[in-house]
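Participant: Got a structure for you, written out below as structure tokens; questions coming shortly.
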């Protein structure tokens, strides 16, 4: 077994050696590296705050968690966390992925840039880092690979009627904003769904509540989820899920020669 994998596995048996920990997880999808950080609102000037809120933005910062309580909460999902008490363990956790409790002193010493306030966009699944996602999310139309990713996620069929180009040459797939662009609906994955040309053309003629009832606003996006809901989840599990997911900040990262196994914000 590789040394990195061995170190990572052993971190699940670590003891809590500090009172202050941060909660984060990392995952890789293709060439993209994502990290999700449990965060809290970063206070600032009231005037600026109100302006940002109108634009769907907010400053967030990593916040410390009670490690014992988080471990108990994650047990509701039958999920264990790795305990990161060294730089080597942090490097392994970042490279392999999964949720971790990271000692605050380790982050402060080896990855202090991640502790700075982050300008974010609010989505159905928490927050995303404005700097690393803003490009395609602030474009009105999903294009090229991003457009195809939405189609693929939805099974290349209309989310309302189920029609597919495989069924008829008359069917054309289009991307639709659940919350309209004109009303501040960003082009984030959770706000985009696939509709056929017929349903898309008539969507403005019906009560929008029908659309929400039919398709909802939640779609699978595993790379953004710190924990997963079991098939037969309880009320307690639902509450904890939305607590963790709603306070996540997700950002896209890149490896650097300077940090080697650590990541830098794009």
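Participant: Residue under question is residue 139, and the condition is that it be more than 14 Å from the chain's Cα centre (by Cα) and farther than 14 Å from residue 192 by Cβ; does it hold?
Facilitator: no
Participant: If you don't mind, there's one more thing I want to ask. If you go through segment 64-84, how many residues are assigned to a helix (DSSP H, G or I) and in contact (Cβ under 8 Å) with a residue 40 or more places away in the chain?
Facilitator: Count: 5.
Participant: If you don't mind, another one. Search segment 222-260 for residues being more than 21 Å from residue 98 (Cβ to Cβ) and part of a loop (DSSP other than H, G, I, E, B), and hand back the single one that is modelled with the highest pLDDT.
Facilitator: Filtering first and then ranking leaves 234.
Participant: Here is a further query. Among the residues of segment 155-175 satisfying the criterion of being surrounded by 13 or more Cβ atoms within 10 Å (Cβ to Cβ) and modelled with pLDDT under 90, which is farthest from residue 188 (Cα to Cα)?
Facilitator: 161
The values are calculated or read from the model by the stated rules, or taken from the named source; none is laboratory data. Values in this document were obtained by computation on a predicted structure and should not be read as measured data. All Cβ positions, glycine included, derive from the backbone under ideal geometry; neighbour counts span all protein chains shown.
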